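Engineer: Provided herewith is a single structure, encoded as structure tokens, for subsequent inquiry.
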Amino acid sequence: MLLPVAAWATYAPLGLKYLTWLLVVAMAAASLHQQRRWSSLWQQPGTQVLLAFLALMTLSALWSRATGPRIGTHLWMYSLPLGAALLACACPPAAARRALQHFVAASACVGLLTLLQAWGALPASALWDSTVAATGNQRIVTSVLLAIGAAVAGCLAAGANGWRRQLPWLAAAAVVAAGLASQDRRTGMLLLPVLLLALAWAMPRAWATKGAMAALVVLAAAGGWTASDTVRARFAEGLGELSSYTQTDAVATSWGQRLRMLELTATMVRERPLTGHGLGSWQPLWDERITPGTLLAENSTPHNEYLLVAVQAGVPAALLLLAWLLRMMGAAARAGRHGAPALMLWLTLALAALAHAVLRDAKFALPLLLLAATATALCRPATRPLPGRAAQGQGDSRSTDSDPASGTGE
């Protein structure tokens, strides 16, 4: 029961995200301990690379100039992927499938609310302050989650048997995609076509069929671009910000600030490319280089996880982070249609890390890691069923469950 609640909580305020995350990970750890399956965690794809990354990040604390509390906060945030590995190892595929279905339902609700807001028909309420009425990074996270919700809904439709089972998921995908197109953040708009192309590639179809599906995605993206004034206006705004950019701390545009942050952060990396400046060191280094009182000075990350990691523990740590994400994507791709949701989730993390601190910022890390771990559970080969309800008919085996990517097994 808790995992579906956590799936809905991906759109909730940060405190509720944290609470459900901690409870789910604690239950996963208790399950592995009860079944004495800790060795299976070591056998999970990417675990060794992840542990090497965490070891290097931890070691970099020895030469960090950051304060103790700042180092501790960073260490906690970079340990969150271990919780995702626990959840992916312990969660039964049937429970994971059900949680993804709940996430699509939550996304459809948020998509509908976003549409109502765009039409001016949504009254003010504290119930959606953390979603359609959110600001800053939380608004970007909602955009990303809507893109994932539409893509996962498409995956559920593709795996369902018969049009009657496919129609609800296709309807949900349409509502979520419409809500995404009506909001004002570009990240999800860019992400959705990429995720749908990954879905077309991952599904077990002939290459001609995959090519047709990919062409359909491109045509749909072109149609969305043509039909939505919001989409065209937002990207025109971003391109205008880049064309007018100048190398100054006074830059006030969104993409202009990001470009300035990338420039200064790359300089930090070049100063100590092998060892980095130490865990949690980006903020004090940034404060030394930026003009106080400017909009740029208010930033706490460079909006790029790979550069942020490289500043702290060097280029080797950034390469380990990338290797971990690629390893998880590779394992998902090898799982075929069972791995399609996981492939899209890990791809989201890898791509979003280019423009956001997806591990350092809990607003991104908690929902994305929860969904990625849940989707990864669908890739796991048959194992002993978990005790309790899972052992009473919802077993952890693909031979007894229907397609984990479908909506037909409940």
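The values are calculated or read from the model by the stated rules, or taken from the named source; none is laboratory data. Every value quoted in this text rests on a predicted model; they were computed, and no experiment measured them. Quick reminder, even Gly has a Cβ in these numbers, built from the backbone with ideal geometry, and neighbours come from all protein chains shown.
Engineer: In this structure, does residue 283 turn out to be farther than 25 Å from residue 72 by Cβ and either touching a residue at least 12 places away in the same chain (Cβ under 8 Å) or surrounded by fewer than 24 Cβ atoms within 10 Å (Cβ to Cβ) (or both)?
Structural biologist: So residue 283 fails the test.
Engineer: Tell me whether region 205-219 contains one or more residues that are crowded, with 18+ Cβ neighbours inside 10 Å and at pLDDT 65 or above.
Structural biologist: yes
Engineer: So which of 305, 288, 298 ends up being over 22 Å from residue 136 (Cβ atoms) and among the acidic types (Asp, Glu)?
Structural biologist: Testing whether each residue is over 22 Å from residue 136 (Cβ atoms) and among the acidic types (Asp, Glu) leaves just 288.
Engineer: Criterion first (under 19 Å from residue 58 (Cβ atoms) and without any contact (Cβ under 8 Å) to a residue 60 or more places away in the chain) does residue 298 satisfy it?
Structural biologist: Answer is no for this residue.
Per-residue answers, yes or no, for (1) modelled with pLDDT of 70 or more; (2) outside any loop (DSSP other than H, G, I, E, B):
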residue: 232; (1), (2): no, yes
residue: 236; (1), (2): no, yes
residue: 263; (1), (2): yes, yes
residue: 297; (1), (2): yes, yes
residue: 300; (1), (2): yes, no
residue: 303; (1), (2): yes, no
residue: 306; (1), (2): yes, yes
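Engineer: Show the residue pairs meeting these rules: Cβ distance below 6 Å; 6+ apart or different chains; first residue within region 308-331 and closer than 26 Å to residue 66 by Cα; second residue of a type in the set (Asp, Glu) and part of a helix (DSSP H, G or I).
Structural biologist: Pairs found: none.
Engineer: Pairs needed: first member in region 122-136, among the polar types (S, T, N, Q); second member anywhere, surrounded by 10 or more Cβ atoms within 10 Å (Cβ to Cβ) and part of a loop (DSSP other than H, G, I, E, B); C-beta distance under 9 Å; at least 6 residues apart or different chains.
Structural biologist: Pairs that qualify, where the first residue is among the polar types (S, T, N, Q) and the partner is surrounded by 10 or more Cβ atoms within 10 Å (Cβ to Cβ) and part of a loop (DSSP other than H, G, I, E, B), are 125/133; 130/11; 130/12; 130/13; 131/11; 131/12.
Engineer: For residues that are assigned to a helix (DSSP H, G or I) and over 22 Å from residue 332 (Cα atoms), tally how many sit in region 180-189. Lay out the reasoning, then the answer.
Structural biologist: As a first pass, look at region 180-189 and keep what is assigned to a helix (DSSP H, G or I): 180-182, 186-189.
Keeping just the survivors that are over 22 Å from residue 332 (Cα atoms) gives 180-182, 186-187, 189.
Here the count works out to 6.
Engineer: Can you confirm whether residue 100 is touching a Ser or Thr at 6+ places or on another chain (Cβ under 8 Å) and either within 28 Å of residue 338 (Cα to Cα) or of a type outside the set (Asp, Glu) (or both)?
Structural biologist: Yes; evaluated as a whole, the condition is true for this residue.
Engineer: Just to be sure before I move on: is residue 64 over 20 Å from the mean Cα position of the chain (by Cα), surrounded by 23 or more Cβ atoms within 10 Å (Cβ to Cβ) and over 19 Å from residue 182 (Cα atoms) in the structure I sent?
Structural biologist: Taking the combined requirement at face value, the residue does not satisfy it.
Matching residues to (1) under 30 Å from residue 285 (Cβ atoms); (2) touching a Lys or Arg at 6+ places or on another chain (Cβ under 9 Å); (3) crowded, with 20+ Cβ neighbours inside 10 Å:
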residue: 8; (1), (2), (3): no, no, no
residue: 18; (1), (2), (3): yes, no, no
residue: 30; (1), (2), (3): no, no, no
residue: 43; (1), (2), (3): no, no, no
residue: 55; (1), (2), (3): yes, no, no
residue: 85; (1), (2), (3): no, no, yes
residue: 99; (1), (2), (3): no, no, yes
residue: 102; (1), (2), (3): no, no, no
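Engineer: Take residue 253 and tell me if it is hydroxyl-bearing (Ser, Thr, Tyr), more than 21 Å from residue 135 (Cα to Cα) and either within 26 Å of the chain's Cα centre (by Cα) or surrounded by 13 or more Cβ atoms within 10 Å (Cβ to Cβ) (or both).
Structural biologist: When the stated conditions are applied, residue 253 does not pass them.
Engineer: Considering region 333-371 alone, what residues qualify as being in contact with a Leu (Cβ under 7 Å, 6 or more places away or on another chain), assigned to a helix (DSSP H, G or I) and without any contact (Cβ under 8 Å) to a residue 60 or more places away in the chain?
Structural biologist: Correct list: 342, 346, 349, 350.
Engineer: Might you let me know whether region 114-128 holds any residue that is surrounded by fewer than 24 Cβ atoms within 10 Å (Cβ to Cβ), closer than 24 Å to residue 170 by Cα and among the small types (Gly, Ala, Ser)?
Structural biologist: yes
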